[in-house]
Amino acid sequence: MMTGLFISELERTFKRKKTAAVLAVYAGLLAFIWFFLFRMGGTSFFDADHDVKIDSLNSAPLFLRELSFVITFIIIPMFVADSFNSEYTSGALRMVLIRPHHRVKLFFVKWTVQCLLVFLLLSMTWVVGTVVGKVAMPHVNETTFLGGQTVGTVGAFLYSLKFYGICFCIFIAVISIGSILSVLMPNSILSYVATIGALIGSVYVSDKLSFFFSVTDSVFHELSSSNSEFLVNLLFPILIISLIINLFVWKKKEWVG
């Protein structure tokens, strides 16, 4: 039954015109960033204070830096609002829940599909960023990341994997927070605005939550630190707490009737 729910959610998600349109626009943005960075002489930034020349080894993380804001503040809130709020307010979710599906299973199916969409976007970005680095940027045998960390080909590859992995974890947390707000809000527009407001407002709650506002800049800084416990002490607890709240809301919510 879990497999059937997952396939059904995938079909509903990818049949939406908005999903196809967003994926197409994102592909266009990848092409634009390629052109833009090339026209700018192959220069990007680790953060506002540190610029860097793009080369064949550091291109993948720097490509994501240019697009992380779009993923965080436009794509994820839009996808999550469509999945968790639009189906509820339109009545489509009630048609699913009148069948003998456990609410927790349905939540995790929807949550997993959203994570899969973001994973698809990150995979596209990594592939394009890597290819651009190999074919359009200066070929180097080693490169230096923020903090003076100099690595070779294997080290750069492992750095990119860690970089994308941490970013993915942050995006999962954004999905989890957005799903809570989408269920609580009366319509998809308000849920979209509430998610963006929560992400921006987190900066004023604590400087440690600034990674929600500047994802890649924060990850560059975390990877430049030798004793960072960012994932264990901050991100994973936020993710776990948000999932617990989601499960509580889904169990208490009056979906049918």
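The values are calculated or read from the model by the stated rules, or taken from the named source; none is laboratory data. All figures in this text were calculated on a predicted structure; none of them were measured in a lab. So basically every Cβ, Gly included, is an ideal-geometry build from the backbone, and we count neighbours across all protein chains shown. When the accessible area is computed, the model is the full protein with side chains, heavy atoms only, and any ligands, DNA or RNA have been set aside. Shrake-Rupley method; radii C 1.70, N 1.55, O 1.52, S 1.80 Å.
Surface composition of the chain: carbon and sulfur make up 68 percent of the accessible area, probe 1.4 Å. Look at the alpha carbon pairs under 8 Å that are at least 6 residues apart: their mean separation over the length of the range 123-257 gives a relative contact order of 26 percent. For the chain, the membrane-span-like helix rule (DSSP H, alpha carbon extent of at least 15 Å along the helix axis, mean Kyte-Doolittle at least 1.6) picks out 153-184, 188-205, 236-252; this says nothing about an actual membrane. Can you list the residues of the range 218-257 with backbone N under 20 Å from a point 7 Å past the Cα of LEU158, pointing along Cα to Cβ? Backbone N within reach: 219-232.
Kirkwood analysis of the range 156-239, using all unique Cα-Cα pairs, places the hydrodynamic radius at 13.7 Å. For the chain, the solvent-accessible area works out to 48 Å² per residue, with a probe of 1.4 Å and every protein chain left in place. Using C-alpha pairs below 8 Å separated by at least 6 residues, the relative contact order for the range 108-196 is 26 percent. The modelled label-to-label distance between PHE45 and ILE240, using points 7 Å beyond Cα along the C-beta direction, is 3.6 nm.
Within the same chain, lysines fewer than 8 places from LYS253 are excluded, and of the rest, those with a Cα less than 21 Å from its Cα are LYS105, LYS110. Contact order, relative form, for the chain: 27 percent (alpha carbon pairs under 8 Å, 6 or more residues apart, mean separation divided by residue count). Rounded, prolate or oblate, given the Cα gyration tensor of the chain, with a/c below 1.5 counting as rounded? Because a/c hits 1.5 or more and a/b exceeds b/c, the chain counts as prolate.
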